[in-house]
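Enquirer: I have a structure I would like to understand better, so I am pasting it below and will then ask my questions one at a time.
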Amino acid sequence: MDIGSGLGHLSRYLVFQYGLDVICVDSVPTFISSAEKLYENMKIEFSKIGLESKKPEYITLKLDLGINVEVPMDYGTFGVVGIHTCGDLGPILIDTFVSSQESKFLVSVGCCYMKLTDKGFPMCEFLKQDCHLQLSYEAKEVACHAIEQYIDKLKTSDYKKLKIHCFRATLEFLIFKKYPNRRKAGLCSVKDFEEKGFVIYAREALGKTDMTFEDWELESDEVEGMLSQWWRVVVFYSLRVLLANVIETAILLDRTLYLFEQGQSPNIVPIFDGRISPRNFAILCLKSKSN
């Protein structure tokens, strides 16, 4: 069962490469319909070379903590997999594994920790009762970054690309000043931002929002003064990213401690180099027979 299956990239790999039975679960109907279309297109291409597969089962379903998932009886036992478990989806995945008698193994890769709610962190009683640990939005956001990638950029000429942090910080200042209720809004990524300059960067970053700024707001002396201090922003960001691994470790240990409290024996495994992707840690667990 691929929870948070999105466009079904993992499911297609599993069915075509390994012939596995796969159930795709996602809360977004358009993702499910697109995943089915992509499967059908790939099926046509693979049939030309004589390869067939069993179609994944696609389910549109919104999951929540504490709600058991009913699995089609034809499948019997199953494994729970999520390789892009944004926010509370990671804890939901783990809770599903624990609460379902039919689930036998877990593969969970977390991401977008800043979207975790108080329901998703902390999970284990140790942190809830003994430590009373809480993490701010800023702390959880830092945990999403890879220090390995950042170090490599600092050591090469790519360090100038780190000006993007100053661009984003300056734009956030302007957003808060004009739209105080729109802080931390999701913005578009902008390619070649250095060549385009701040004005075009701001326009493209805000492209999918209803927030607008006049040219004079984006070219003021105040803005220019901020942009001239980009190196100070890089230094500040470098100090923040030093804590990334520490905070992510706290989140991952919370999830593994929760599994231990439920009688399981999980492992945290770095499945590839953090330079490839900052989300390189997987929580793996085979369900204990005694549970």
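Enquirer: So for the stretch 80-98 (the condition being touching a Lys or Arg at 6+ places or on another chain (Cβ under 9 Å), aliphatic (A, V, I, L, M), modelled with pLDDT under 95 and surrounded by fewer than 18 Cβ atoms within 10 Å (Cβ to Cβ)), does at least one residue qualify?
Expert: no
Enquirer: What number of residues within the stretch 227-245 satisfy the criterion of being in contact with a helix residue (DSSP H, G or I) (Cβ under 9 Å, 6 or more places away or on another chain) and assigned to a helix (DSSP H, G or I)?
Expert: 13
Enquirer: Still on this structure: Considering each residue of the stretch 201-214, count those that are surrounded by 10 or more Cβ atoms within 10 Å (Cβ to Cβ) and of a type in the set (Asp, Glu), and give that number. If you could, list the steps in order and put the result at the bottom.
Expert: First pass over the stretch 201-214, keeping only residues surrounded by 10 or more Cβ atoms within 10 Å (Cβ to Cβ): 201-209, 211-213.
The next check asks that each one be of a type in the set (Asp, Glu); those that pass are 204.
Summing the residues that are surrounded by 10 or more Cβ atoms within 10 Å (Cβ to Cβ) and of a type in the set (Asp, Glu) in the stretch 201-214 gives 1.
Enquirer: Residue 183 is checked against (1) in a helix (DSSP H, G or I); (2) open to solvent by 90 Å² or more (accessible area, probe 1.4 Å); (3) within 29 Å of residue 247 (Cα to Cα) and fails just one. What number does that condition carry?
Expert: Checking residue 183 against (1) in a helix (DSSP H, G or I); (2) open to solvent by 90 Å² or more (accessible area, probe 1.4 Å); (3) within 29 Å of residue 247 (Cα to Cα), the one that fails is (1).
Enquirer: Another question, if that's okay. Just checking, which of 176, 198 is under 30 Å from residue 246 (Cα atoms), modelled with pLDDT of 90 or more and either of a type in the set (Val, Ile, Thr) or not in a loop (DSSP other than H, G, I, E, B) (or both)? First the steps, then the outcome.
Expert: Working: 198 fails: under 30 Å from residue 246 (Cα atoms).
Exactly one of 176, 198 is under 30 Å from residue 246 (Cα atoms), modelled with pLDDT of 90 or more and either of a type in the set (Val, Ile, Thr) or not in a loop (DSSP other than H, G, I, E, B) (or both), namely 176.
Enquirer: Then there is this: Within the set of pairs 6 or more residues apart or between chains, which connect a residue that is farther than 23 Å from residue 229 by Cβ and touching a residue at least 12 places away in the same chain (Cβ under 8 Å) inside the stretch 169-189 to a residue that is acidic (Asp, Glu) and open to solvent by less than 80 Å² (accessible area, probe 1.4 Å) with Cβ atoms less than 7 Å apart?
Expert: These pairs meet every condition: 188/204.
Enquirer: Next up: Tell me which of these residue 40 doesn't satisfy, since it passes every other one: (1) assigned to a strand (DSSP E or B); (2) modelled with pLDDT of 90 or more; (3) open to solvent by 50 Å² or more (accessible area, probe 1.4 Å).
Expert: Here residue 40 meets the rest and fails (1).
Enquirer: For the stretch 271-284, indicate whether the set of residues that are charged (D, E, K, R) and in contact with a His (Cβ under 9 Å, 6 or more places away or on another chain) is non-empty.
Expert: Residues of the stretch 271-284 charged (D, E, K, R): 273, 275, 279.
Retained after the next criterion (residues that are in contact with a His (Cβ under 9 Å, 6 or more places away or on another chain)): 279.
Within the stretch 271-284 (the criterion being charged (D, E, K, R) and in contact with a His (Cβ under 9 Å, 6 or more places away or on another chain)), the answer is yes, since at least one residue qualifies.
The values are calculated or read from the model by the stated rules, or taken from the named source; none is laboratory data. What you are looking at is a predicted structure, and each value in this text was computed from that prediction instead of being measured. Glycine also receives a Cβ, built like all others from the backbone with ideal geometry; neighbour counts cover every protein chain displayed. Heads up: the accessible areas ignore ligands, DNA and RNA and are worked out on the full protein's heavy atoms, side chains in. Shrake-Rupley method; radii C 1.70, N 1.55, O 1.52, S 1.80 Å.
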